[in-house]
Amino acid sequence: MRDFVTKIPENRGKLESTIRKFKGAPVYIMELKVFGTACGCMGMLADLRGLQTEDLEVYQKQFVAILSEISKDLGLKPHLIYARTLPGSFEVVAFTARELCNRCKNELGSFEKPRPDLIILGNYARS
Amino acid sequence: MKLVIPHPGHFLALKEICKEATGDAYEIYMAGTPEVLGSGRITLHAPMLDEIVTQTEYLHDRKLKIGIVMNPSCMGGQHLTLQGYNTFRWYFGKLNDIGVDSVTVAEPYLIEMLRKEFPDIKVVVSTISHVDSPERARFYLELGADAITLDSNINRNFDILEAIKDVADCELRLLVNEACLYKCPFRYSHFNLFSHMTALGNKPNIFSDYYYEKCMSFRVRYPELVIKSPWIRPEDLGAYEALGIDCFKMSGRANTIRWIIDCMKAYSNRSYDGNLMDLLDCPSELRDMFYIPNKELEGAIKQWMGCKKFCHRCGFCKATAERVIRVYEFKDQQRNTLPLKEVRTKCATL
């Protein structure tokens with residue numbers, strides 16, 4: 001169990017340094033959390049500073065690759081990988097990789113843009 | 001030198017701060033009661049009147065002064081209603097009876113009201129009143145201010161500081177470690193937001209603190225903004241004392257007790273050998289992102305004393321950022337730092 005816990009800060013650092021490398025600019029991952037929700041979803045969430053929505057367009061493949069890699073290392077098989085933005089702004093404030101429960105597969109996984117503040121980077125809910 | 005120390009508001013914090021209070025500690029300040037008035041900053045514990053009584057006695061026993069900060073930038077006109085007037089008058093009367101030494105407000109009407117109705121209370125103008133010129137300082141003196149906390153945007157504008165000192169025959173306070181963005185475009189809006197969020201009543205159900213999140217993201221993208229922001233290093237207090245300004249206010253009442261005590265000691269010692277980010281209030285979230293060796297900023301004050309504030313022509317702060325800022329990297333369970341330029345290979349600058 002301790003091994004798993006120490007993987008969390010390791011992966012926070014890995015996510016941060018990987019993004020910095022391909023973007024070539026400072027980015028800050030304040031916190032990486034592994035979560036379980038009441039509805040039955042589980043996943044990981046990274047709170048971040050320094051990215052904007054245009055970065056998601058330019059580096060989408062790279063974001064999906066690193067988030068998938070980290071998810072796998074944490075034992076997660078995400079159905080959905082998405083970014084959360086501040087509504088009405090260009091700021092990206094979090095990445096989530098999430099294994100969806102049946103209800104959320106329907107609510108989040110079955111639309112191209114299930115909520116105005118979410119940008120879906122990878123959707124594997126139907127595969 | 002007189003240090004004005006922040007206090008989160010709960011008695012335990014006050015006892016701890018007092019236990020380690022340095023000889024320069026002059027006044028300890030906290031927010032007032034939100035039932036009456038909001039505040040310009042996050043308030044984690046708003047003391048009720050009986051707590052203010054206890055804490056005032058405790059501080060006075062230790063020969064320290066107590067300040068109550070009630071500095072929302074917006075009250076929605078409530079203060080100009082009879083009901084508002086009666087409420088504020090009642091509350092200020094209570095503070096007066098308790099023996100509170102000073103009240104800091106941002107609203108001009110409250111300054112005049114305090115002066116007229118409670119002449120024993122020291123009336124302090126908040127930094128949120130944006131006193132950034134001799135003319136504005138004179139307006140507030142005319143309203144009855146006893147002390148003025150200057151707009152932190154002029155912390156590095158020595159000509160203006162000197163000119164204000166010429167006209168203002170009162171205590172001038174400088175906010176040393178607030179470290180908001182220089183000429184922050186969010187400043188007024190953010191203070192207005194806090195004003196409403198910290199007051200009781202109909203609070204807007206916001207989805208996020210846009211101004212804060214945008215501010216942090218700006219600094220991550222353009223780290224030179226951290227250098228440009230008008231903090232004052234503990235080592236540089238003497239440059240201000242030479243102008244005749246010797247009252248230094250620390251920001252940070254929403255921080256932990258330990259953080260407040262360590263900051264107080266750094267400013268009291270007039271020296272800090274460590275990460276400058278440890279001392280800065282607003283961008284403290286980024287202290288695990290940037291490492292800025294404070295001692296490597298020795299001498300920068302000389303540039304800032306003559307700074308014309310035309311950043312696009314000067315480039316001193318940007319060059320300083322490139323020279324001193326290091327970025328934390330976490331690898332193999334170790335935290336190391338990299339020079340900023342190694343991280344920033346493609347990033348534009350502001």
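The values are calculated or read from the model by the stated rules, or taken from the named source; none is laboratory data. Quick caveat: nothing in here was measured; it's all calculated off a predicted structure. All Cβ positions, even for glycine, are placed from backbone atoms using ideal geometry, and neighbour counts span all protein chains on display. These accessible areas exclude ligands, DNA and RNA; they are computed on the full protein's heavy atoms, side chains included. Shrake-Rupley method; radii C 1.70, N 1.55, O 1.52, S 1.80 Å.
Across all C-alpha atoms in chain B, the radius of gyration and Dmax reach 20.2, 64 Å. From its DSSP helices (H runs of at least four residues, each -39,500 (n - 2.57)), chain B gives a residue-normalised ellipticity at 222 nm of -11000 deg cm²/dmol.
Whole-percent P(r), the stretch B:299-347, all Cα pairs, 10 Å bins from 0: 22, 38, 26, 11, 2.
Solvent exposure of the stretch B:1-153, expressed per residue, is 40 Å² of accessible area, with all protein chains present and a 1.4 angstrom probe. Longer than 20 Å from Cα to Cα, which of B:LYS116/B:LYS203; A:LYS7/B:LYS331; A:LYS7/A:LYS72; B:LYS65/B:LYS249 are they? Say none if no pair is. Where the Cα-Cα span goes over 20 Å, the pairs concerned are B:LYS116/B:LYS203. Shape class of chain A from the Cα gyration tensor (axes a ≥ b ≥ c, square roots of the eigenvalues): oblate, since a/c reaches 1.5 or more and a/b does not exceed b/c. A Förster radius of 35 Å combined with the Cβ-Cβ distance from A:LYS21 to B:ILE42 puts the calculated FRET efficiency at roughly 0.50. Other residues with beta-carbon under 13 Å from the beta-carbon of A:PRO114 carry, at +1 per Lys or Arg and -1 per Asp or Glu, a net charge of +3.
If only the Cβ of Lys and Arg carry +1 and only the Cβ of Asp and Glu carry -1, the dipole of the protein assembly as shown around its Cα centre is close to 1740 debye.
Interface of B with A. Using a 1.4 Å probe and counting protein heavy atoms only, the two chains hide about 2200 Å² of accessible surface, both sides summed. Loop-resident GluC sites (Glu not before Pro) (DSSP state other than H, G, I, E or B) in the stretch B:224-318 with no more than 13 further Cβ atoms inside 10 Å of their Cβ: B:GLU298.
Taking 7 Å steps out from each Cα toward its Cβ at B:TYR188 and B:GLU296 produces label points 3.8 nm apart. Working note: Debye formula, equal point scatterers on the alpha-carbon atoms of the stretch B:1-148, no solvent; log10 I(q)/I(0) at q = 0.08, 0.12, 0.16 Å⁻¹ is -0.21, -0.47, -0.85. Taking 18 Å as the cut-off, the amide N atoms of the stretch B:266-282 that come nearer than this to a point 7 Å along the Cα-to-beta-carbon line of B:ALA242 belong to B:270-271.
Tell me the net charge near B:LYS309. Cut-off is 11 Å between Cβ atoms, B:LYS309 excluded, with +1 for each Lys or Arg and -1 for each Asp or Glu. With Lys, Arg at +1 and Asp, Glu at -1, the neighbours total +4. Distance from the Cα centroid of the stretch A:50-71 to that of the stretch B:252-279 is 37 Å (rounded to whole angstrom). Using just its DSSP H runs of length 4 or more, each adding -39500 (n - 2.57), chain A gives a mean residue ellipticity at 222 nm of -13000 deg cm²/dmol after division by all residues.
Rolling a 1.4 Å probe over the protein heavy atoms gives chain A an accessible area of 48 Å² per residue. Express in % the proportion of alpha carbon pairs of the protein assembly as shown at distances exceeding 39 Å. Of the Cα pairs, 30 percent sit more than 39 Å apart.
Between B:LEU82 and A:GLU107, the distance separating the two model label sites (each 7 Å from Cα on the Cα→Cβ line) works out to 5.1 nm. The chymotrypsin sites (Phe, Trp or Tyr not before Pro) of the stretch B:299-346 meeting both criteria, a DSSP state outside H, G, I, E and B (loop) and at most 16 other C-beta atoms within 10 angstrom of the site's C-beta, are B:PHE310.
Remark: the stretch B:317-325, residue by residue, has Karplus-estimated 3J(HN,Hα) of 5, 5, 5, 5, 4, 4, 6, 9, 6 Hz, where x stands for each Gly or Pro and the curve is 6.51 cos²θ - 1.76 cosθ + 1.60 at θ = phi - 60°.
Direction-averaged projected area, Cα convex hull, the stretch B:164-226: 6.7 nm², rounded to one decimal. Take each residue in B:329-338, count the other chain C-beta atoms within 10 Å of its C-beta, and the mean is 3. Each Cα pair under 8 Å and six or more residues apart adds its separation to the average, and for the stretch B:196-350 the resulting relative contact order is 21 percent.
Kindly flag which residue pairs out of B:LYS214/B:LYS308; B:LYS165/B:LYS309; B:LYS63/B:LYS228 have an alpha-carbon separation exceeding 32 Å in this structure. Checking Cα-Cα distances, B:LYS63/B:LYS228 exceed 32 Å. Per-residue extension of 0.36 nm, minus the Cα-Cα distance of B:LYS2 and B:ASP97, leaves a gain of 31.7 nm for this segment.
Stokes-Einstein diffusion for the stretch B:115-191, with the hydrodynamic radius set to the Kirkwood value over Cα pairs and evaluated at 25 °C in a medium of 0.890 mPa s, equals 189 µm²/s. Rounded, prolate or oblate: pick one for the stretch B:192-341, where a ≥ b ≥ c are the square roots of the eigenvalues of its C-alpha gyration tensor, a/c under 1.5 means rounded, and failing that, prolate if a/b is larger than b/c, else oblate. The shape class here is rounded. For B:LEU175, the shell of other residues with beta-carbons less than 11 Å away shows a net charge of -1, using +1 for Lys and Arg and -1 for Asp and Glu. Placing A:CYS101, B:CYS74 in order of accessible area, with the largest value first and a 1.4 Å probe, yields B:CYS74, A:CYS101. Note on the protein assembly as shown: antiparallel DSSP beta bridges, both residues inside, total approximately 55 percent of the bridges counted.
Surface exposure of the stretch B:208-350, expressed per residue as accessible area with a 1.4 Å probe, stands at 42 Å². Rolling a 1.4 Å probe over the protein heavy atoms of the protein assembly as shown, with every protein chain left in place, gives an accessible area that is 51 percent carbon and sulfur.
Over the stretch B:124-270, the pair-distance histogram of Cα-Cα distances with 10 Å bins from zero comes to 10, 35, 36, 17, 2 percent, rounded to whole numbers. By the rule of a C-alpha distance below 17 Å, with chain neighbours fewer than 8 residues away ignored, the aspartates and glutamates paired with B:LYS265 are B:GLU16, B:GLU20, B:ASP24, B:GLU27, B:GLU178, B:GLU235, B:ASP236, B:ASP246, B:ASP273, B:ASP278, B:ASP281.
Say each of A:VAL5 and B:ARG270 gets a label point 7 Å from the Cα, pointing the same way as Cα to Cβ; how far apart are those two points in nm? Output for this residue pair reads 4.6 nm.
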